[in-house]
Amino acid sequence: MDSSYSVPVNKTLNGTPASRGIAFGRITFLHRECEPSVRHTVEDTTQECERFEKARKTAIAQLGSLYETSLEKLGEQNAFVFQIHQLMLDDPDYVSQINDTIVTQRVNAEYAVDFIANKFAAMFRAMDNEYMQGRASDVIDVSRRLNDILLYEKGALKRPKIHKIDGQPVILATDDLAPSETVQLDQDAVSGIITSHGSTRSHTVIFARTMGLPAVITIGDELNEDLEGKFVIVDGAQGIVILEPDKNTIALYSEKKRIEDALREKLEQYRGRETYTRSGRKIHLYANAASLSDLDLVKASDAEGIGLFRSEYIYLSSDDYPTEDYQYDIYRQALSLMDGKRVIIRTLDIGADKTADYFMLKKEENPAMGMRAVRICLTQPEIFKTQLRALYRASVHGRLAIMFPMINSVEEVKSCLKICHEVEAELISKGIAFDKNIEKGIMVETPAAAIISDEIAPLVDFFSIGTNDLTQFTLAVDRQNASLGRFLNPYHHAVMRLIENTVINAHKAGIWVGICGELASDEHFTHELIRIGIDEISVVPSNILMLRARIATLG
Ligand code: PEP
Ligand code: MG
């Protein structure tokens, strides 16, 4: 048979899409010039702890310089990860565990650093929260820096140099790339990244996105050194690596790359701008955040604020009720990091699928309609007051707005506001400062709230429509039940009418209204949101620029 008639089959490696974009090049594995930190016994553990301490100080200083370099390359919102790395090196738990290992096991500092780094990384990887999983690469990065300093006893981190092949940039392959390695990559020599491990929430991935480097991660063992030098196409959006593609595939992907590059360039023009419709109406385009650790993503996204900070994750990640001081510290950091931009913190929305044992909630037949969110707060006001005191105290550090979830009635709103006033009075009597103009609003996420939004609007400063719950309760379809997916229709006319009713009533009362459910991210629905007069849209950080560009073409 004539071979020109055979259909070439491209072998692909499958991974997780991490940074969109298409890259061509030959695979080059990263070979780190780092000696393994061999364990050996030390006589003088005090001296060894001093060696570690000296290396720690050097590492903190290096990170200070890296921060400065990254400011220019990646902007403040991204560079601040190196300040987080500095904080990790100051973390009492991390530092004391390394010192303890040196002393109790009588081992060298390099071994102790490696041992504790792996322990912390394993702990992060085992966490449920995808963001915390991403912290594993940070702790490894910081520890590797320490070990390079210890091993070579000099101030510079050794960086393997990546070279072009035949004058063309390469695809860098490795087990996992550290954030500091990513930021220092020579983009003339590297056009894409592929890794066998990693996490989409790591700083490495955030940096790759900001630098416009396509990346596919978690490819697993199929990514091995036998592939060194092979020509590939990396499709960062699909999460695939095409091995030795045929001519047609190369042509197809060249065209795809041209279109994607043009789109990316277009979206980047919207960075640093505010969001306006074509006719000049201002829309507040905010990001949703699940925890403090999401803030680097939020900042990198160029969001104009946080439209939904799901504070319940503080409770879910604790073994007992988080104290006022613990919460204060988190809210303070969130507000400071957002530099005066509005941060809407939702009070605890525990219950239904989000439970913590120490709440000792009774087992319920229908937990989604059970003891949850504001119902817990009004039944156990001390829990609520602890959170509110923390929020009020933190309010002096930025622009705080407080939002109550699962509101159904005027009485519930009044009760929440009464408790807020009690907290204010208590803080005033103790001479504790707080912002007197904190906005207070509610989530409109039950049909009841939407229907009586005319009665509630005069009591609050804003509404935020939670279409996830609003859809489940309007349609009586459990959002947790995967087999009901096709019935859970947020575009159902009943949901739409409730949304419109809410917007009309908000505006009649002179308050602003936002939307923070998943529906807000649908760019094909944005025109409807603009048409009905939504003032604020809060979405996952990765959608900010795309929606800003979309809104500029509407209304
Ligand atoms: C919602 O219900 O739409 C919402 C944003 O809140 P959550 O998804 O956290 O319940
Ligand atoms: Mg909800």
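Nothing in this text is a laboratory measurement; each read-out follows from the coordinates by a stated rule. Computed from a predicted model, the values in this text were never measured in an experiment. Backbone-built Cβ (ideal geometry, glycine too); neighbour counts: all protein chains shown.
Bridgeable lysines around Lys508 (alpha carbons under 29 Å apart, same-chain partners fewer than 8 residues away excluded): Lys282, Lys341, Lys414, Lys418, Lys436, Lys440.
Remark on Asn108: its backbone amide H falls under 5 Å from those of His40, Val42, a criterion applied only to residues 5 or more positions apart or on other chains, H modelled at 1.01 Å from N. Compute the signed sum of charges (Lys and Arg +1, Asp and Glu -1) over the other residues within less than 10 Å, Cβ to Cβ, of Thr174. My count for the surroundings of Thr174 gives -2. Counted by Cβ distance under 12 Å from Ile98, the other residues give a net charge of -4, where Lys and Arg count +1 and Asp and Glu count -1. With 0.36 nm allotted per residue and the present C-alpha distance subtracted, the Val477-Glu411 stretch has 21.1 nm of extension available.
Please state the relative contact order of the chain as a whole percent: Cα pairs under 8 Å, 6+ residues apart?
Relative contact order for the chain comes out at 14 percent.
Label-to-label distance, His492 versus Leu243, with points set 7 angstrom from Cα along the beta-carbon direction: 4.8 nm.
Distance between the C-alpha centres of region 80-118 and region 171-199: 25 Å, rounded to the whole angstrom.
Neighbour counts of other Cβ atoms within 10 Å put Phe231, Phe309 in the fewest-to-most order Phe231, Phe309. Summing charges over all other residues whose Cβ lies under 15 Å from the Cβ of Pro245, with Lys and Arg as +1 and Asp and Glu as -1, gives +2.
Rounded to the nearest 500, the helix-only mean residue ellipticity at 222 nm of the chain stands at -14000 deg cm²/dmol, with each DSSP H run of n ≥ 4 adding -39,500 (n - 2.57).
Loop-resident GluC sites (Glu not before Pro) (DSSP state other than H, G, I, E or B) in region 228-283 with no more than 12 further Cβ atoms inside 10 Å of their Cβ: Glu228, Glu274. Of the trypsin sites (Lys or Arg not before Pro) found in region 139-228, the ones in coil according to DSSP and having at most 13 other Cβ atoms within 10 Å of their Cβ are Lys154, Lys158, Lys161. Restricting region 356-388 to trypsin sites (Lys or Arg not before Pro) that sit in a DSSP loop and have at most 15 other Cβ atoms within 10 Å of their own Cβ leaves Lys362, Lys363. If R0 is taken as 51 Å, the Cβ-Cβ distance between Met369 and Asp93 corresponds to a FRET efficiency of 0.80.
The slack in the chain from Ala425 to Gln184, taken as 0.36 nm per residue of separation less the alpha-carbon distance, amounts to 81.6 nm. In plain terms, the chain from Thr553 to Asp100 could stretch by 157.1 nm, reckoned as 0.36 nm per residue minus the Cα-Cα distance. Taking a point 7 angstrom from the Cα of Asp339 along the C-beta vector, which residues in region 53-90 have backbone N less than 18 Å away? Of the residues in region 53-90, 67-84 have backbone N under 18 Å from the label point off Asp339.
When only alpha carbons are used to place a centre, region 241-264 and region 375-406 end up 51 Å from one another.
Taking amide H as placed 1.01 Å from N in the peptide plane, the amide H of Met403 sits under 5 Å from that of Ile345, Arg346, Thr347, Gly441, each at least 5 places away or on another chain.
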